[in-house]
Amino acid sequence: MKDLLEIRWHGRGGQGAKTAALLLADVAFSTGMYVQGFPEYGPERMGAPITAYNRLSRKPIRVHSNIYSPDMVVVVDETLLDSINVTNGLKEDGAVIVNTGRSREEIASQLKRYGWKGSIYTVDARKISLDALGRYYPNSPMLAAVVAVSGVVSPDEFLQEMKDSFAHKFAKKPEVIEGNMKALEMTFETLAEDKKAVKKSA
């Protein structure tokens, strides 16, 4: 991981993008990192576009502004690709992670309109969360995707931290803990294959 990793999340109200950004900050903080995790709202209503941010560093963070040149962009709702240039300001060696059931090639073709030719990863968070939880909660798979692609913490360390967090949050709902952990593990398996594909096409 770089000394400073900056991440921008794009989602819609109610999808958990803000929660995922805050959870990532919590996990990184628990491993001894300096962190920031914060949202930026437009009209505050369910389904409205929202943006959230993370700064993660091994050194103290002196910057307290929005993030304009992220190392990574996470798109929790792929419909935003039609209306927002999610690659705006993204570093040339950065990466885009998109929640979609479409192929990486299809997403790459769509992002070409914005001039983006860099790394793209796809995660079908809908399928993963439905298989693991029986309901559509995209934030857990997308959180695991960020960890898998960025390497900000090791998968084992991340899974243990999340297991402890879920155990505290869902103490009376063990089935929810099991489902969320399964969603995280399934995402790591998916991204292991996707990272190979991205590396081959580079």
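The values are calculated or read from the model by the stated rules, or taken from the named source; none is laboratory data. The structure presented is a predicted model; accordingly, all values stated were derived computationally and were not measured. Counting neighbours? That spans all protein chains shown, and the Cβs are built from the backbone with ideal geometry, glycine included. Ligands, DNA and RNA are stripped out before the accessible areas are found, and what is left, the full protein with its side chains, is counted by its heavy atoms. Shrake-Rupley method; radii C 1.70, N 1.55, O 1.52, S 1.80 Å.
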Open item on the list: Anything in segment 87-105 that is within 23 Å of residue 127 (Cα to Cα) and surrounded by 17 or more Cβ atoms within 10 Å (Cβ to Cβ)? List them, or say none.
Closed with: 95, 96, 97, 98, 99, 100, 104
Task: Index of the failed condition, residue 137 passing every other in (1) part of a helix (DSSP H, G or I); (2) closer than 19 Å to residue 24 by Cβ - done: (1)
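Determine whether segment 81-99 contains at least one residue that is assigned to a helix (DSSP H, G or I), farther than 25 Å from residue 57 by Cβ, in contact with a helix residue (DSSP H, G or I) (Cβ under 9 Å, 6 or more places away or on another chain) and not aromatic (Phe, Trp, Tyr). Talk me through it step by step, then tell me what you get.
Applying the first criterion (assigned to a helix (DSSP H, G or I)) to segment 81-99 yields 81-82.
When the remaining residues are screened for being farther than 25 Å from residue 57 by Cβ, the result is 81-82.
Of the ones still in play, those that are also in contact with a helix residue (DSSP H, G or I) (Cβ under 9 Å, 6 or more places away or on another chain) are 81-82.
Checking the rest, the ones that are also not aromatic (Phe, Trp, Tyr) come to 81-82.
There is at least one residue in segment 81-99 that is assigned to a helix (DSSP H, G or I), farther than 25 Å from residue 57 by Cβ, in contact with a helix residue (DSSP H, G or I) (Cβ under 9 Å, 6 or more places away or on another chain) and not aromatic (Phe, Trp, Tyr).
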TODO: Take segment 60-74 and flag every residue that is modelled with pLDDT under 95 and among the charged types (D, E, K, R).
DONE: 62
TODO: Please identify the pairs in which a residue from segment 12-27 that is within 12 Å of residue 39 (Cα to Cα) and touching a residue at least 24 places away in the same chain (Cβ under 8 Å) has its Cβ atom under 6 Å from the Cβ atom of a residue that is open to solvent by 10 Å² or more (accessible area, probe 1.4 Å) and of a type in the set (Asp, Glu), counting only partners at least 6 apart or on another chain.
DONE: 12/77
Open item on the list: So residue 137 passes all but one of these: (1) under 30 Å from residue 176 (Cβ atoms); (2) touching a Lys or Arg at 6+ places or on another chain (Cβ under 8 Å); (3) touching a residue at least 12 places away in the same chain (Cβ under 8 Å). Which condition number does it fail?
Closed with: (2)
- [ ] Tell me which residues, restricted to segment 111-128, are modelled with pLDDT under 95 and either touching a Phe, Trp or Tyr at 6+ places or on another chain (Cβ under 7 Å) or assigned to a helix (DSSP H, G or I) (or both).
- [x] 112, 113, 114
Task: Given (1) in contact (Cβ under 8 Å) with a residue 60 or more places away in the chain; (2) out of contact with any Ser or Thr (no Cβ under 9 Å at 6 or more places or on another chain), index of the condition residue 142 fails - done: (2)
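If you take the residues in segment 34-51 that are of a type in the set (A, V, I, L, M) and modelled with pLDDT under 95, which one is farthest from residue 166 (Cα to Cα)?
Step one: of segment 34-51, the residues of a type in the set (A, V, I, L, M) are 35, 46, 48, 50.
If we keep only those that are modelled with pLDDT under 95 as well, we get 46, 48, 50.
Numbers: 46: 25, 48: 27, 50: 25 Å.
The extreme case among them is 48.
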- [ ] Among the residues of segment 27-80, count how many are under 15 Å from residue 97 (Cβ atoms) and in a loop (DSSP other than H, G, I, E, B).
- [x] 4
Task: segment 176-195 residues that are buried (at least 21 other Cβ atoms within 10 Å of the Cβ), paired with ones that are aromatic (Phe, Trp, Tyr) and part of a helix (DSSP H, G or I) (beta carbon under 8 Å, 6 or more apart) - done: 180/166; 184/158
